[in-house]
Each structure stands twice: as structure tokens, then as C-alpha cells.
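Undergrad: Sharing a structure here in C-alpha cells format.
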Amino acid sequence: MDDSPNSRSIPSDLLIAICTYQESQNIQAMLVGLRRAFPDACLMVVDDNSPDGTADLVREAQRSDPRIELIVRRDKRGLGSAIVDAMKYAVARGYRFFVNLDADQSHDPAQLPDLVERARADQDLAVVIGSRYVPGGEIVGWPLRRRLMSKLVNRFATAFLKLPVKDCSGSMRCYRTSALDAMDLDSLQCTGYAVLEELLVKLHRDGRKMSEVPITFTERELGHSKLTFAEAVRSVRFMLRLAMTLR
């Protein structure tokens, strides 16, 4: 990590993180949307040394907003490990809530306050998930094939991983950091997309309570998806191993 996060000028118990790789076309709009939704929250970008200048655009935004923090990872890559690094930062610095969402504008920052409000209203909740698969949830712009694949993955997770939620693979979430700290983040094994299911499995195994809030997920318009076929296969294999361990 070669960027030292800025000091927060306004106290907040909420850290919102987006993990990026080559998101120069989306990062500025995401930061503007997040700041509009949460005027006082600390925003963090964890960038895997993007060659397209994503980190430079974040540095530019920092000049006018000291509550934006940037971590550039030069020796790591992958969504899962980036999310975990951001979680560790939130736990170490005493934030009460950690929020994560996609950086490609598939998640609308304006929907985040509903998740945070739900988490604040119930102290027993360890995580609130922005869900595409509860009443009121919606997916816009996906072809039928991708819809079917997503539903199959989530049905597998609920059936074999015994998770009590309908959307296990969505990354728009609000976590209570005390629950993350208790689970031991260093024990997480997946560095890819399946860390999203692994986190829920560990929270559920610890008897933690979860909730879902309906959101609208919109297919990205700019840039390219990082979820390759190879990564999808690795994620499924990891979930199979995880299911066997639980059995």
C-alpha cells in the first residue's frame, strides 16, 4: 500500500469502500454519488494499481474532499482480498459500520441509506444486504443467460451453504464491524468473488442475524466486467469446497 489514508476532518462511524481495477470511467461519478448520499461519511477507494489512471482521479478528488481515502495495492489483486483489506481498515480504526458496493455504477449510491438505516435500527443485525431477489428488488440490463446463472448460484448457496438470505452473491452490503472483528478476517480463504458467500457463511455459523433490503441492480454502461469465466469457475469450486466443509 503506497498511499497513506487522509485524516478524517469530520467524525463518522461509517466507512464506505469501493474496490477498483480500471474504473477510470466510473470512479468520479461514484464518488460524487456517494458523497451526495452520505455528506459526512468516510469514503475509501482500494485500487489494485489500475493502469488506466483510476487512482490519479481519486487523488484529484481528494483535493476538494479530505474525507476520501485511497489505498493502492501493488502486490495484490482480486476483489475478495481488496474487500477484506478495507474491512480490516474499518475494524482497526473503530468504525461501527462498513459498507461495500460495486464501483461500476451498477449499484446506485442513493439506495445505500436504506441499508444503513436498517442496520442502525436493529443492533442485532450483523449485515444488511442490498438484495435483487426479495420483493421490490430488480435487475436491469442483464440477458436471460446471466439472470439464470445468478439465480442458480444463489439457490446453490441457500440450499447447500444453508444461508438464510435470497441474495448471497450481491456485494452491496452494510456490515457491523464488531461482527467482522469477531469472525477473524484473517481466517477468510477466498481472494475472489466467492468471499461474498464465505463472509455470510462465517457470520451465519456464528449465529449472527442478517437482513435484506430490496435494490435495483443495473448492468454497467462504461468499462468492462472483471468477472471472467475463469473467475466464475473458481468461485463455484470454492463454494463446493465450502459446502463440503459445512457438511
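The values are calculated or read from the model by the stated rules, or taken from the named source; none is laboratory data. Here the structure is a predicted model, which is why all the values come from computation and not from measurement. FYI the Cβ positions are ideal-geometry reconstructions off the backbone, even for glycines, and counts take in every protein chain you see. Just so you know, the surface numbers come from the protein's heavy atoms only, side chains and all, with ligands and any DNA or RNA stripped out. Shrake-Rupley method; radii C 1.70, N 1.55, O 1.52, S 1.80 Å.
Undergrad: Taking the mean number of other Cβ atoms within 10 Å as a proxy for protection, how do you rank 192-205, 57-70 from highest to lowest?
TA: Going by the mean number of other Cβ atoms within 10 Å, highest first, we get 192-205, 57-70.
Undergrad: Ok, one more. Taking the full set of protein chains and a 1.4 angstrom probe, give the accessible area of CYS19 in square angstrom, rounded to the nearest 10.
TA: Its accessible surface works out to 20 Å², give or take rounding.
Undergrad: While we're on this one: Given a cut-off of 23 Å, name the pairs among LYS162/LYS202; LYS76/LYS151; LYS88/LYS209; LYS88/LYS202; LYS76/LYS166 whose C-alpha atoms lie farther apart than that in the structure shown. Write down the numbers at each step before the final one.
TA: On the way: LYS162/LYS202 11 Å; LYS76/LYS151 30 Å; LYS88/LYS209 21 Å; LYS88/LYS202 16 Å; LYS76/LYS166 31 Å.
Flagged as over cut-off: LYS76/LYS151; LYS76/LYS166.
Undergrad: Also, I was wondering about something else. Keeping all protein chains in place and using 1.4 angstrom, which order do PHE217, PHE160 fall into by accessible surface area, from largest down?
TA: PHE160, PHE217
Undergrad: Search the structure for amide H atoms under 5 Å from the amide H of THR20, placed 1.01 Å from N in the peptide plane, and list their residues when 5 or more places away or on another chain.
TA: The answer is VAL46, ASP47, ASP48.
Undergrad: Now for a separate question. Got a sec? What order do THR54, THR216 fall in by accessible area at 1.4 Å, biggest, i.e. largest, first?
TA: Result, largest first: THR216, THR54.
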